[in-house]
Amino acid sequence: MTETSVTVWNEYVHERESDIVADVYPDGIHETLATALERRGFETRTATLEEPEHGLPPAVLDETDVLTWWGHAAHDEVADEVVERVTSHVLDGMGLVVLHSGHFSKVFRSLMGTTCRLKWREAAERERLWVVEPSHPVAAGIDECIELEEAEMYGERFDVPQPETLVFNSWFEGGEVFRSGCCYRRGNGKVFYFRPGHETYPVYHDEEIQRVIANAVEWAAPVDDMASSTGGNTDPREQIETDDDRTVH
Ligand code: ZN
């Protein structure tokens, strides 16, 4: 099948500090996601905040086609150097799938250039993620909507740039709506933001949610034979006079 190489990043804080969270994700959210992706044929590895360089040294990112990102309690503890490394890999073509509270990560905010603020509420309420772009590869195999019995509410306005493609739009029992599946391109890299996934709800054990994340990884993977462009001063392809005495050296 696919040989897409995925690095699943998780700050891995709540699972070790809260029994409630540990009951839902005993080995951490990253292990649940990595196992789900592995089952679907991806080559996966995991990385967490506490590892040296947060598990994301240059050698790891060089071998990563798509990085998935989950963080919540420790966004500020992610070293700026690593943030810059990740964003520059995205600009060079590495895919990025940002999950749930990763909306406030340094990596996502820096790639969006906006505050990424949103409304939220923890009331274990029902969510329907409506597929608004059924032909998009990220929605492959998903019915008209995904129903989650218990979700944290995220509400508009979500302060992000207008997505290139909006794949999912959420409705919440309490009345709010939210753009839950947003596609972006930054440089040569594809970025997908996917909303579901609060740490105290078993959302990442849901088959449909796993399917969307796998679809997103597949979609965000870099194109194999991407044209290279080095930039800079360049010789003309056609014969033209290249002297221009107004050029300042
Ligand atoms: Zn949450």
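The values are calculated or read from the model by the stated rules, or taken from the named source; none is laboratory data. All of these numbers come straight from a predicted model, not from anything done at the bench. Every residue, glycine among them, receives a Cβ derived from its backbone with ideal geometry; neighbour counts consider all protein chains shown. What goes into the accessible areas is simple: the full protein's heavy atoms, side chains included, and nothing from ligands, DNA or RNA. Shrake-Rupley method; radii C 1.70, N 1.55, O 1.52, S 1.80 Å.
Quick look at the numbers
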{"read-out": "Of all residues making up segment 65-85, the number that are within 23 Å of Val212 (Cβ to Cβ), surrounded by fewer than 24 Cβ atoms within 10 Å (Cβ to Cβ) and more than 16 Å from the ligand (Cβ to nearest atom)", "value": "1"}
{"read-out": "Lone qualifier among Ser228, Ser170, Ser135 - being polar (S, T, N, Q) and within 16 Å of the ligand (Cβ to nearest atom)", "value": "Ser170"}
{"read-out": "Cβ pairs under 8 Å, 6+ apart, first in segment 191-206 and surrounded by 20 or more Cβ atoms within 10 Å (Cβ to Cβ), second of a type in the set (Val, Ile, Thr) and in a loop (DSSP other than H, G, I, E, B)", "value": "Tyr193/Val160"}
{"read-out": "Inter-residue pairs, beta-carbon under 6 Å, first within 14 Å of the ligand (Cβ to nearest atom) and in segment 111-126, second assigned to a strand (DSSP E or B) and open to solvent by 40 Å² or more (accessible area, probe 1.4 Å), 6+ apart", "value": "Ala124/Glu150"}
{"read-out": "Residue, farthest from Glu122 (Cα to Cα), within segment 173-190, restricted to residues that are open to solvent by less than 10 Å² (accessible area, probe 1.4 Å) and within 16 Å of the ligand (Cβ to nearest atom)", "value": "Ser180"}
{"read-out": "Pro196 vs. criteria over 19 Å from Phe108 (Cα atoms) and within 16 Å of the ligand (Cβ to nearest atom)", "value": "no"}
{"read-out": "Matching entry among Arg117, Arg126 (being open to solvent by 50 Å² or more (accessible area, probe 1.4 Å), of a type in the set (Lys, Arg) and part of a loop (DSSP other than H, G, I, E, B))", "value": "Arg117"}
{"read-out": "Any hit, segment 155-164, residues being open to solvent by 10 Å² or more (accessible area, probe 1.4 Å), touching a helix residue (DSSP H, G or I) at 6+ places or on another chain (Cβ under 8 Å) and either closer than 18 Å to Val97 by Cβ or free of Cβ contacts under 8 Å to residues at least 60 places away in the same chain (or both)", "value": "yes"}
{"read-out": "Residues that are open to solvent by less than 20 Å² (accessible area, probe 1.4 Å) and either of a type in the set (Gly, Ala, Ser) or assigned to a loop (DSSP other than H, G, I, E, B) (or both), drawn from segment 207-249", "value": "Ala214, Ala216, Ala220, Ala221"}
